[in-house]
Amino acid sequence: MARGSAGGDAPVLAVDQGTSATKALVVCPGRGVIGTGEAPVRPRHLPGGRVEVDPAELYASVLEAGRRALAAAGEPVAAVGLANQGETVLAWDQATGEPLTEAIVWQDRRAAGLCEELADQAAGLQELTGLPLDPYFAAPKMAWIRRRLTRAGVVTTSDAWLVHRLTGVFVNDASTAGRTQLLDLDRVEWSGAALDVFGLAHEDLPEVVSCDRHVGTTRAFGPELPLTGLMVDQQAALLAQRAVAAGSAKCTYGTGAFLLAQAGGRPVRPTTGLAGCVAWQLRGRTDYCLDGQVYTAASAVRWLTELGVISGPEDLDRVGSTVPDSGGVTFVPALAGLAAPWWRPQQRGSLTGLGLDTGPGHLVRALCEGIAAQVAELADAMGRDLGTGLGELRVDGGLTRSALLMQAQADLLQLPVVVAELPDATALGVATAARLGLNPHLGVTDALPPTGKPSAVYEPRMSADEAQQRRASFRRAVDNH
């Protein structure tokens, strides 16, 4: 195992366990990414808004992607970092490590009724944890498992199970724990009051640790390696985008689209419908962020693909370019409910303005505008909570390859959209945490991956008046549905 100077110059393996795939990068401080690997994940979309996945598939994908990246790099690494989906939960046996339930994915809506029961507790929970009461977060799904499936074992977010399988250790990093709605936002420790609300007071919960903690070792990828970095996916991407100054923001376009803005060293209680949460704990300091979510981005593209409108995400630009605009069609892609700033878990997607002349290109453009309009609403809300608007939007994720979507985003935001050189920002962010956990002498900015030129920059082409008209039409479609 190559360690260099306390591992400071050696590559690390960064694994991003995501919703539809697990991606792994071998990241070298001086040379950047020197090996990549990927393995698919196949969540099942079931009636009633249920989304679940076999936990064994999650673990197998971590091993497969990690081993492929190591093979591609062809040289040893000094440590491992693991990023995770955040709000995906399961029950499992702590003695054997065996799952006791399927993993309930963050998009799952089955706990909506439980949230309705607890509606009178919503304001207190948000003040305590920073998060609106919604089935998107982990605690409602954890409580649902305890009520409806099993009282056995422990019930946790998926990363705690994955880390236990890799190392035998029982931990949550602070950024992931902050996505449960069970973490006291000020104290960054489990909240007895929140646990009581959800009926989880007697649960055995993981230890909350910093994101750069050396938590244990694993032989899952071959030689024994320390696991020194843990982060939730979107906060890891925020770090990789170098959003370390208050007010800087990024949006990741993956299965969903997630806009986060750095809020500095003090927790922010949003007033606009956003979530306030832990960004990360690194080098003994807790940073906070504002968070807004679009539940369906690439998953809405997959829906169009399954309908036969397009052949896949690579087809968005070709089909969308066959028409000059959306032809008056407005698409609210709330295919898994609406998140911030509306928080309407039961809302369904809608297509309005259809005519006999509506074709595939109009639907594609309407989808791109619908995603972009939601992100623009989130950006406005962040500006109000932070007291200053965004100057630009840094973006990453697979859908940033679509020039049509990125141009729509720049137009509706009326801001430059700066596309990251590499789309896999989440893995790069957790690689940073792993380097910090390996080498106590590094500062946060010193551990960030090398920067390159953006792969693209999109400037607004649409007038401000037209952008406001398009966004007003989108808001009407949301409110009238």
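Odds and ends about this structure:
- Scan of region 288-316 for residues that are of a type in the set (Asp, Glu), surrounded by fewer than 24 Cβ atoms within 10 Å (Cβ to Cβ) and closer than 29 Å to TRP342 by Cβ, ordered by number: GLU306
- Subset of region 210-253 [aromatic (Phe, Trp, Tyr) and either outside the structural domain of GLY168 (by TED's automatic domain parsing) or within 19 Å of GLY265 (Cβ to Cβ) (or both)]: TYR253
- Within region 22-52, the set of residues being within 19 Å of LEU335 (Cβ to Cβ) and surrounded by fewer than 20 Cβ atoms within 10 Å (Cβ to Cβ) comprises ARG42, ARG44, HIS45, LEU46, PRO47, GLY48, GLY49, ARG50, GLU52.
- Matching option when the condition is in a helix (DSSP H, G or I) and among the acidic types (Asp, Glu), among GLU127, GLU75: GLU127
- Filtered by the rule that a residue be under 13 Å from ALA477 (Cβ atoms) and surrounded by fewer than 17 Cβ atoms within 10 Å (Cβ to Cβ), region 348-385 gives ARG348, SER350, THR352, GLY353, LEU354.
- Some residue of region 162-181 being modelled with pLDDT of 95 or more, farther than 30 Å from ASP396 by Cα and assigned to a strand (DSSP E or B): no
- When VAL62, VAL41 are checked against the criterion of being of a type in the set (Val, Ile, Thr), assigned by TED's automatic domain parsing to the domain that holds PRO135 and under 19 Å from SER299 (Cβ atoms), a single residue qualifies: VAL41.
- Residue check for ALA236: under 27 Å from LEU133 (Cα atoms) and either crowded, with 24+ Cβ neighbours inside 10 Å or not hydrophobic (A, V, I, L, M, F, W, C) (or both): yes
- Any hit, region 354-365, residues being part of a loop (DSSP other than H, G, I, E, B) and within 27 Å of the chain's Cα centre (by Cα): no
- Check on LEU282, closer than 24 Å to VAL332 by Cβ, in contact with a helix residue (DSSP H, G or I) (Cβ under 6 Å, 6 or more places away or on another chain) and buried (at least 24 other Cβ atoms within 10 Å of the Cβ): no
- Single residue of ALA112, ALA138 found to be under 25 Å from SER20 (Cα atoms), in contact with a helix residue (DSSP H, G or I) (Cβ under 8 Å, 6 or more places away or on another chain) and outside the structural domain of ALA339 (by TED's automatic domain parsing): ALA112
- When PRO40 is tested against (1) within 23 Å of VAL15 (Cα to Cα); (2) in contact (Cβ under 8 Å) with a residue 40 or more places away in the chain, only condition (2) is not met.
- Annotation for region 325-334: at least one member residue is over 29 Å from the mean Cα position of the chain (by Cα), exposed (fewer than 15 other Cβ atoms within 10 Å of the Cβ) and touching a residue at least 24 places away in the same chain (Cβ under 8 Å).
- Among residues of region 46-72 that are within 20 Å of LEU100 (Cβ to Cβ), those with a beta-carbon under 9 Å from a residue that is part of a helix (DSSP H, G or I) and hydroxyl-bearing (Ser, Thr, Tyr) at least six positions away or on a different chain give the pairs VAL53/SER158; PRO55/SER158; LEU58/SER158.
- Scanning region 242-258 for residues that are touching an Asp or Glu at 6+ places or on another chain (Cβ under 9 Å) and either assigned to a strand (DSSP E or B) or of a type in the set (Val, Ile, Thr) (or both) yields VAL244, ALA249, LYS250, CYS251, THR252, TYR253, PHE258.
- Entry remark, region 113-127: residues being surrounded by fewer than 21 Cβ atoms within 10 Å (Cβ to Cβ) and either touching a Ser or Thr at 6+ places or on another chain (Cβ under 6 Å) or in contact (Cβ under 8 Å) with a residue 24 or more places away in the chain (or both) number 6 in total.
- Counting only strands (runs of 3 or more DSSP E) wholly contained in region 259-338, the ones carrying 1 or more residues that are closer than 24 Å to LEU238 by Cα occupy 275-282, 285-294.
The values are calculated or read from the model by the stated rules, or taken from the named source; none is laboratory data. None of the values given here were measured: they were computed from a predicted structure. Note that we place each Cβ from the backbone using ideal geometry, even for glycine, and neighbour counts take in every protein chain shown.
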